[in-house]
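Read-outs: derived from the displayed coordinates by stated rules, not from any lab. Keep in mind it's a predicted model, so treat the numbers as computed, not measured. Note that each Cβ is placed from the backbone with ideal geometry, even for glycine, and that neighbours are counted across all protein chains shown.
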Amino acid sequence: MGYGTAVFDMDGTILDTLDDLNDALNHTMERCGFPKRTLEETRRFVGNGIRKLIERAVPEDVPDSEIDGIKDVFMEYYEAHCADKTRPYKGIPELIKSLKNAGVKTAVVSNKADVAVQELCEEYFKGLFDVAIGERQGIDRKPAPDMVNKALEALFISDKRDAVYIGDSDVDLMTAKNSGLECIAVKWGFRDEAFLREHGAGILADAPEDLYDLIVGNSG
C-alpha cells in the first residue's frame, strides 16, 4: 500500500529554476546599484520566498524599509522571464503522468509567487497537477503548513497518512513535519545529501524514477 496523494515542492524538486532566479536577482541587483550574486550564492539564498531571497542578497546596510521596493523590481522582471531557462528535471513529467495513471492525486506548493507557479505549471505540467499553490496574501509561506493544508483540503484529503511531501531543502523537511506528512527528500535539487541528512531527512530519492516506487509502493 502506497500514498494516494503526492505534494511536491517546485524549485529544485520538479523544476530547475536556478538560472532564471539568478538572472532575475542580478537584474535587480544591477538596477538597484548592488553587487551581483553568483549562481551558488543564489542557490543558498532561495527556499523561503522572494522577499527573503532579496533580504539575503542585498548588502547588510540596506534598511528593511527598502526591501519591498527591491522585491517589486525583481518580480517585474521575473514574471516576464521565469521560463527563459527553467526546465523540468529529466524524468519528472513522466513521473507525474505515471502517478496520475496510478490514481495518485498530485499537488505542488511553492514559496514562489503564485503567478509564477501557475505560469510554470501551465508551461511544463499542463493538466498534470490537480492543485497548484504559490505565495498568496493570507496564506503563510512554508515551512508553515498552510499551503499544504490548503492543497489537501482542495483534494478532499482528510487522512494525512495517505499523503506524502516531496522536496529538496530544509524548508521542505520542516514543512512536511509541520504539516504532519511523511517526507521524501530528493538529491538532485538545491541542497546536497549531507545537508539534507543533517536536517533530518530519512527517506531520500537518488533520481526522479525512484519516486514512483517510493510513492506508490511504499507504505511509509
Obtain the radius of gyration and the Kirkwood radius of the range 105-220 from its C-alpha atoms and give Rg over Rh.
0.94
Ratio of Rg to Rh for the range 18-81, alpha carbon only, Kirkwood?
0.91
Take each of the peptides 2-8, 67-73, average the number of other beta-carbon atoms within 10 Å over its residues, and list them starting from the highest.
2-8, 67-73
Relative contact order computed over the chain (Cα-Cα under 8 Å; 6+ residues apart), in percent:
28
Per-peptide average of other Cβ atoms within 10 Å, ordering 56-63, 164-171 highest first:
164-171, 56-63
Positive-pole candidate from Ala24, Ala151, Ala163, dipole of the chain, charges at beta carbon:
Ala163
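I'm a student and want to see the number: the projected area of the Cα convex hull of the range 46-128, averaged over all directions, in nm².
On the way: hull surface 25.5 nm².
That works out to 6.4 nm².
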Sum -39500 (n - 2.57) across every DSSP H segment of at least 4 residues in the chain, then divide by the residue count to get the 222 nm mean residue ellipticity, nearest 500.
-13000 deg cm²/dmol
Looking at the chain, what % of its DSSP beta bridges pair antiparallel, to the nearest 5?
10
Go through 202-209, 92-99, 150-157 and give me the packing order, highest mean Cβ count within 10 Å leading.
92-99, 150-157, 202-209
Comparing Lys85, Lys112, Lys100 in a Gaussian network model of the chain (Cα, 10 Å), the one with the largest mean-square fluctuation is Lys85
Just tell me, in residue order, which DSSP H segments of the chain are both 20 angstrom or longer along the helix axis (alpha-carbon based) and at least 1.6 in mean Kyte-Doolittle hydropathy.
none
Nothing charged except the Cβ atoms of Lys and Arg (+1) and of Asp and Glu (-1): what's the magnitude of the dipole of the chain about its Cα centre? Round to the nearest 20 debye.
440
Grab the Cα-Cα distance for Phe156 and Lys97, subtract it from 0.36 nm times how many residues apart they are, and report the gain in nm with one decimal.
19.2 nm
Inter-part gap, Cα centre of the range 34-65 to Cα centre of the range 109-149, in whole angstrom, is 21
Candidate lysines for bridging to Lys150, where Cα separation is under 22 Å - those fewer than 8 sequence places away on the same chain excluded
Lys100, Lys105, Lys112, Lys126, Lys142, Lys160, Lys177
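Cα gyration tensor of the chain, axes a ≥ b ≥ c as square roots of the eigenvalues: rounded (a/c below 1.5), prolate (a/b > b/c) or oblate? List each step's numbers first, then the result.
On the way: a/c = 1.80, a/b = 1.76, b/c = 1.02.
Prolate, since a/c reaches 1.5 and a/b exceeds b/c.
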Gained length - Ala207 relative to Glu66, 0.36 nm times residue gap less alpha-carbon distance
46.7 nm
